[in-house]
Structures are given as structure tokens and as C-alpha cells.
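The next block holds one structure in the form of C-alpha cells; read it before the comments.
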Amino acid sequence: MLPSSGRRKGKASRQGRASATLKPPSAEDYRVLASNFPKGLVVIMDKDMRILSLEGEVANRLSASKEDLLGRNLMEFLTQDGRGIVASRLDEALRGERVETDIPYTSGLLHVHVIPIMDEEPRWLVVGTDVTHQRSQEEELRASQERLKSVFDHALVGIYRTNPEGEVIMANPALVKLLGFSSFDELQQCNLNTNWLDDQTPRRVFLERIDKEGTVRGMESTWTRKDGQIVNILDSATAIKDPSGRTLYYEGTVENITDIVRYRRRIEELNQSLRVINSILRHDIMNDLNVAIGSLELYRRKGDPKHLETADRTMRKCADLIRKMKELESILSSTALRAMSAREVAREVIGGHSTSPVEIALEGDGLILADEAVVPALDNVISNAIVHGRSDKVRVDICPSPDRAWCDVRVSDHGGGVADEIKQLIFQEGFRYGETGNTGLGLYIVRKTMERYGGSVTVTDNQPHGATFVMRFRSPSADRAPSPPGQ
């Protein structure tokens with residue numbers, strides 16, 4: 001640090017620099033100065049900007065020799081823009097301000113420093129360097145950065161950079177939107193090591209894999225958005241390391257494959273339904289038809305009515321199977337769901353059992369998201385309570401959830417109930433139990449229909465005895481509702 005007297009002198013010197021007098025440079029001084037600018041220019045001009053001295057490589061690119069240039073006005077060799085820049089900046093130099101600027105000239109672009117020399121005759125010292133190529137490279141770099149930024153900002157997939165500590169260093173708008181945040185700053189508050197987005201695949205699985213292999217390609221995960229909505233994503237990333245091998249950060253992309261996963265599951269469901277239909281056609285119905293044909297042949301030979309009864313029973317079973325196959329078509333349907341009154345649906349189904357000796361009571365109402373397939377689905381549940389429950393009373397209760405996001409349709413009987421060991425099995429395709437077991441398709445169709453609706457079906461014990469089947473539907477306001485409670 002300078003002593004106080006030195007600082008005062010320095011301050012006085014700066015204050016008076018506009019009027020400072022430089023020792024007139026010699027020709028050797030110019031040559032030395034120019035030698036430090038191999039692609040530059042050192043010019044001394046008088047107050048009218050006539051060239052008094054000229055040194056440097058740039059001088060060789062002008063339209064005349066150095067000797068012919070002496071005495072000519074510098075403005076002759078500048079472009080129109082360059083003349084305007086010089087004229088506007090000379091006043092600043094006279095005020096003692098530092099003038100450093102780019103000036104276009106006939107052969108390119110100069111980056112110059114303009115210094116006034118206040119002597120007996122005021123002069124100008126201009127020291128410049130040709131920066132034509134440098135500025136061109138800088139412009140190319142700027143344009144490249146703008147292109148990359150445009151790709152980053154407008155990419156349809158999420159792009160991110162995170163570090164091993166779980167900090168989000170960078171994320172593009174697509175990723176911010178995918179995760180349901182309002183801004184990058186809000187997303188940045190989330191530490192991935194402590195607030196991981198995927199409950200099924202811990203963050204450490206990702207870290208172990210990428211640290212071991214250096215990359216992660218197409219890692220499927222299920223992420224939870226800020227609003228609780230579930231999205232399926234495809235994550236690909238690369239570990240960026242320093243020369244010592246230490247991981248600096250991870251750069252990657254995230255693709256939203258929620259629709260793809262949904263379609264994939266839908267295809268799997270369709271294939272499963274087609275296998276069931278094919279099995280019914282090739283096995284169940286064919287076997288029953290063979291039994292009926294055989295029974296009719298025996299009746300013709302022997303005239304025993306019991307063979308007619310067997311044929312009649314198997315044909316009715318075939319008819320029931322064909323009806324079930326029609327219901328299976330609803331699983332293949334992609335009909336849009338709409339708001340329906342659960343009470344009106346239940347009334348329609350109960351009306352179909354008007355000749356049954358079983359008393360069916362109905363209580364409550366609520367809106368559900370469903371389509372025409374809900375009628376045979378509910379009919380299967382009520383028929384199951386009548387036939388398999390062997391109850392003289394069945395009760396249907398419609399119970400919306402407190403937040404109106406879900407609506408339960410509960411079908412209860414007072415029969416023998418469902419054994420715990422088969423409570424999950426009864427909803428599987430082809431499962432039959434006891435002497436009342438029929439096609440093994442009814443409750444399977446109910447389960448597949450409820451899954452298509454985004455709901456569920458379960459069975460619990462009724463009190464004091466019997467069973468209660470719970471069909472849980474989404475309500476029209478449940479487009480973004482969380483998973484059904486208790487499921």
C-alpha cells in the first residue's frame with residue numbers, strides 16, 4: 001500500500017490527467033511500442049487527425065505506403081460507422097476518460113486505445129490491434145451459445161445437471177413443467193438425495209449405477225410431481241468427471257413416457273382378454289357343445305329324458321358363456337368415461353332381478369366415472385351375492401368419499417361369506433369354487449372393468465355374516481385424485 005502522501009499525489013495525478021503532458025515520443029519509441037502489437041497499429045495524429053507517424057503491421061494493409069499516408073486524415077481509412085465512433089469518443093478522451101473501443105476500418109476491425117498528448121501542439125496517440133478474426137470467432141461462439149440455449153429452452157424432453165450431493169444445478173423449462181414446479185428456482189430448492197422423486201427406486205440405485213458404469217441409459221422410473229400426480233419417465237445420464245476421476249456432476253435427459261406405459265399396459269390387457277376369449281371359444285364352448293351333441297345322440301338312441309336335461313343344461317351354459325364373452329368385449333373397448341349416477345345404474349340392474357325372490361335394498365347416491373360396461377359389471381356382483389351368497393336379502397349402499405374424489409358401491413349379502421384364502425383368487429380368470437361355481441369369468445370381468453375405470457374391486461366380511469363386495473369408482477372431480485384410500 002502506498003503511503004498517504006503517495007496516495008494523495010496519485011489522486012492529484014488522476015484528477016489532473018486530462019491536462020497531463022507526455023514527453024514527446026521518439027521514432028524509436030514508436031517502433032518499440034508497435035513491436036508489442038504484431039497485428040496492430042500505432043499512430044500519432046495532430047489535432048485535425050492528420051497522420052504524423054505510423055507504425056505496425058496494420059499500416060501495411062492500408063491503400064498506400066507509409067510515406068504516402070503521412071499527412072493524410074485518418075478518417076479516410078475508416079468506414080462510415082468507424083468515423084462516427086471516433087468522432088463521438090474523442091471528446092471523452094479530451095475529458096481524461098479512458099477510451100477503448102472497436103473501430104471498423106477498410107480491411108477489418110481494430111480494437112483501439114485513444115490517448116490525448118497535451119504538448120505545445122495537441123496530438124493523439126492511437127494504439128490498436130486488429131481483432132477481425134477474434135471478433136468473428138466471438139460472434140460464432142455467441143451464435144452457437146444462442147443455438148444451444150434455444151435447444152435447451154425449447155426441447156420437448158427434460159434436460160438437467162445435478163451433482164452427487166443431490167443439488168439441481170440446471171434444468172430446462174420442459175423438466176420444470178414435467179415435475180409441476182412453477183420455476184427453476186422452486187425446483188432448485190428440492191435436494192434429490194433427501195427428497196427423491198421416485199418412491200420405488202431409491203436415489204442410491206441411480207448413483208451406484210452411474211458411478212459404476214459412467215452412464216445410465218433408458219432407466220425407467222416412476223416419479224411423483226409436486227402436485228402428487230404420478231408420471232413414468234425414461235432417464236438417461238452421463239457422469240462428468242475431472243482428470244482425477246472425481247465426479248463433478250451428472251448431465252442427463254428425462255422423457256415423459258406416461259402415455260407409452262399406459263398404452264403398453266393397455267396392450268397387455270387386450271392381449272390377456274383375447275387369450276381368455278380364445279380359451280373360451282376353443283375349450284369351454286367346444287367342450288360344452290360336444291357334451292350337448294353327445295347327450296342329444298344318447299337321447300335319440302335311448303329316449304332317456306335325463307340326456308335331454310344334460311343337453312339343455314350345457315346349452316344354457318354355452319349361452320351364458322357367450323353372454324360373458326359379450327361382456328368381455330367391454331374390456332377391449334376404449335370408450336370415453338363419463339359422469340353417471342351410481343343410483344340410476346343400480347336401479348337398472350336391480351330392475352333386472354324383479355322376478356327374483358331375493359329382496360334387494362338400495363341406499364345412497366353418488367357420481368361415478370364409467371361407461372355402459374358398468375351395468376353388467378354391477379350385475380355380476382349382485383348375481384354373485386344372490387347365487388353364491390345364497391342370501392334372501394342383498395343391500396346396495398352408495399357411499400361417496402368425504403372429498404367426493406371416490407365413490408364406493410357396496411354390495412352386501414348375509415350368506416355364507418367368502419373364505420379368507422380365496423378372497424383374492426375369486427377375481428382371477430377361470431376361478432371356480434364350490435358347487436355354485438359357473439364360468440369363472442363374472443368377477444374377473446368385474447375386476448378388469450374396474451381397472452379400466454381407474455378404480456378397484458375388493459371383498460370383505462359382512463357382519464354378522466356374509467360378504468361385502470366394494471366397487472370403488474373415481475368421481476368426475478377425481479381426474480387428479482391420488483390412489484384410492486385403503487388400496
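So that you can scan it fast, the table gives a plain yes or no per residue for (1) within 30 Å of Asn163 (Cβ to Cβ); (2) within 14 Å of the chain's Cα centre (by Cα):
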| site | (1), (2) |
| --- | --- |
| Lys226 | yes, yes |
| Asn232 | yes, yes |
| Asp235 | yes, yes |
| Arg246 | yes, no |
| Glu255 | yes, yes |
| Glu268 | no, no |
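Specify which of the listed residues (Arg275, Arg225) is basic (Lys, Arg), at pLDDT below 90 and more than 22 Å from Val205 (Cα to Cα).
Going through Arg275, Arg225 in turn, just one is basic (Lys, Arg), at pLDDT below 90 and more than 22 Å from Val205 (Cα to Cα): Arg275.
Working only within the stretch 383-400, note down all residues that are part of a strand (DSSP E or B) and under 10 Å from Val411 (Cα atoms).
The answer is Val394, Arg395, Val396, Asp397, Ile398.
Would you confirm whether any residue within the stretch 68-77 is assigned by TED's automatic domain parsing to the domain that holds Leu41, in contact with a Ser or Thr (Cβ under 7 Å, 6 or more places away or on another chain) and under 25 Å from Lys47 (Cβ atoms)?
Taking every residue of the stretch 68-77 in turn, at least one turns out to be assigned by TED's automatic domain parsing to the domain that holds Leu41, in contact with a Ser or Thr (Cβ under 7 Å, 6 or more places away or on another chain) and under 25 Å from Lys47 (Cβ atoms).
Within the stretch 385-430, work out how many residues are touching a residue at least 60 places away in the same chain (Cβ under 8 Å), closer than 18 Å to Gly442 by Cα and either crowded, with 21+ Cβ neighbours inside 10 Å or outside the structural domain of Ile360 (by TED's automatic domain parsing) (or both).
Residues that pass the stated criteria total 4.
Can Gly82 be described as touching a helix residue (DSSP H, G or I) at 6+ places or on another chain (Cβ under 9 Å), surrounded by 13 or more Cβ atoms within 10 Å (Cβ to Cβ) and on the phi > 0 side of the Ramachandran plot?
Against the criterion (touching a helix residue (DSSP H, G or I) at 6+ places or on another chain (Cβ under 9 Å), surrounded by 13 or more Cβ atoms within 10 Å (Cβ to Cβ) and on the phi > 0 side of the Ramachandran plot), Gly82 does not qualify.
Report, ordered by the first and then the second residue, all pairs with beta carbons closer than 9 Å, sequence separation of six or more or different chains, a first member in the stretch 287-308 that is assigned by TED's automatic domain parsing to the domain that holds Ala319, and a second member that is surrounded by 12 or more Cβ atoms within 10 Å (Cβ to Cβ) and part of a loop (DSSP other than H, G, I, E, B).
Partner pairs satisfying both residue conditions: Leu298/Asp304.
So in the stretch 113-149, with the set limited to residues that are part of a loop (DSSP other than H, G, I, E, B) and in contact with a Pro (Cβ under 8 Å, 6 or more places away or on another chain), which one is modelled with the lowest pLDDT?
Asp119
Across the stretch 166-183, which residue is farthest from the chain's Cα centre (by Cα) among those that are loosely packed, with under 15 Cβ neighbours inside 10 Å and among the hydrophobic types (A, V, I, L, M, F, W, C)?
Step by step, filter the stretch 166-183, then rank; the result is Ile169.
Could you list all residues from the stretch 194-222 that are modelled with pLDDT of 85 or more, of a type outside the set (Val, Ile, Thr), part of a helix (DSSP H, G or I) and under 21 Å from the mean Cα position of the chain (by Cα)?
Scanning the stretch 194-222 gives Phe206, Leu207.
Give the residues of the stretch 443-460 that are assigned to a strand (DSSP E or B) and among the hydroxyl-bearing types (Ser, Thr, Tyr), sorted by residue number.
Ser456, Thr458, Thr460
Listed residues Leu175, Leu234, Leu248; which is modelled with pLDDT of 90 or more, assigned to a helix (DSSP H, G or I) and not hydroxyl-bearing (Ser, Thr, Tyr)?
Leu175
Ala87 is checked against (1) free of Cβ contacts under 8 Å to residues at least 12 places away in the same chain; (2) in contact with a strand residue (DSSP E or B) (Cβ under 8 Å, 6 or more places away or on another chain); (3) not hydroxyl-bearing (Ser, Thr, Tyr) and fails just one. What number does that condition carry?
Ala87 satisfies every listed condition except (2).
Would you be able to say whether some residue in the stretch 209-221 is in contact (Cβ under 8 Å) with a residue 60 or more places away in the chain and among the basic types (Lys, Arg)?
No, the stretch 209-221 contains no residue that is in contact (Cβ under 8 Å) with a residue 60 or more places away in the chain and among the basic types (Lys, Arg).
Could you tell me whether the stretch 353-367 includes any residue that is small (Gly, Ala, Ser), assigned to a helix (DSSP H, G or I), surrounded by 18 or more Cβ atoms within 10 Å (Cβ to Cβ) and assigned by TED's automatic domain parsing to the domain that holds Glu451?
For the stretch 353-367, residues small (Gly, Ala, Ser), assigned to a helix (DSSP H, G or I), surrounded by 18 or more Cβ atoms within 10 Å (Cβ to Cβ) and assigned by TED's automatic domain parsing to the domain that holds Glu451: absent.
The values are calculated or read from the model by the stated rules, or taken from the named source; none is laboratory data. If you're wondering where the values come from, they're calculated on a predicted model, not measured in any experiment. Every residue, glycine as well, gets a Cβ built from its backbone with ideal geometry; the counts of neighbours run over all protein chains shown.
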